[in-house]
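Report on the structure given below.
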């Protein structure tokens, strides 16, 4: 399936084809891995012939699957490689219980915290700082420069990932500056969620003085960040039940008073039903209202293909990348990468699609993994080049043409 996208180049990332978040800087791509426990550096100055130039290994049993780049620095999460250490019998064991309950095999040492690299030499990042945390560690992070970075983090004494604010005014000595959690997430509190649900911050995106959080089955929050280290809750909206949950990426469109919220598909063959990407009106941040969803790809029966079908992540309109509040890019697991036109937010329309080739081999160690396309993350540069990672199939570089 191809529409408006043209494949320019592909790489297996130096034999480590598992990729999650991707960042760009000075003609180089930095890719955090799901299973390979490190960060790959890819020279993409020629997008038709991307070349792996370095690999930054993590400490043993530690992964750095999510990254941020700004101000000549790269921030990387460090957390336990839970899939390798826990050896879950089912992926649903991970998605349907608090992390502190499901991840019990912690006898092997791992490293948890925020790691910072200097990118003066883009091909050879140099570690300059680290802030350790006591717990399972960081999951995803948002930082576009400046003093404060916002991460999801599991701390000892918490049920799952909560909001952590890091002060990096001195990047050689980053410090923890604040935290925030939903009710019931602290040890000793009564859980606010029903059994089989998982309330956990996936990540927060900041626009101006507001922060938008996606909390998996815990829904969506909006915060006043007038004091960046002490978020004030303005609104909390639950979508699950009745819907499947899995809120993953909250993309604010501040010029239009809108929010696009992607719920991650977490089950193979649509076993838990379809996951949706919601459009919220957030003109009144204390009263966000969902009013539409992005259309589901339907040119074939993706539920029958195998693997996961449905949203994973959105292009996040980072500074220095493609910027639009009407054209939205999203990964859709086995349905590849998608573009949507939100000119009329009440009737979003498809605006492009590309399904990369399936993997040549499986590196996904999770139970139930199958060798099909599983597009994971997407970053689009100002020229419309879309960089798309896959859980097993490496990096595809696509040209988008409207």
Q) If one computes the Cα centroid of the range 1-51 and of the range 161-215, what distance in Å separates the two points? A) 29
Q: Determine, for 169, 222, the number of other Cβ atoms within 10 Å of each Cβ, and report the residues in order from fewest to most.
A: 169, 222
Q: Compare the peptides 387-395, 120-128 by average per-residue count of other Cβ atoms within 10 angstrom and give them in order, highest first.
A: 387-395, 120-128
**Q.** Helix-only mean residue ellipticity at 222 nm for the chain, each DSSP H run of n ≥ 4 adding -39500 (n - 2.57), per residue, nearest 500
**A.** -1000 deg cm²/dmol
Q) Over the range 277-347, what relative contact order in percent results from Cα pairs under 8 Å that are six or more residues apart? A) 26
Q) Taking the highest mean first, how do the peptides 317-327, 63-73 order by number of other beta carbon atoms within 10 angstrom per residue? A) 63-73, 317-327
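Given Cα pairs under 8 Å that are at least 6 residues apart, what percent is the relative contact order of the range 240-325?
30
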**Q.** Relative contact order, percent, the range 18-313 [alpha-carbon distance under 8 Å, six or more residues apart]
**A.** 10
Q) Computed from these coordinates, which is Cα extents along the principal axes in Å: (1) 66, 52, 39; (2) 52, 46, 43; (3) 77, 45, 40? A) (2)
Q. What does the range 136-271 give for Rg and for Dmax, in Å, if only its C-alpha atoms count?
A. 14.9, 47
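No value in this document is a laboratory result; all are computed from the given coordinates. The structure displayed is predicted, hence computed values, not measured ones. Quick reminder, even Gly has a Cβ in these numbers, built from the backbone with ideal geometry, and neighbours come from all protein chains shown.
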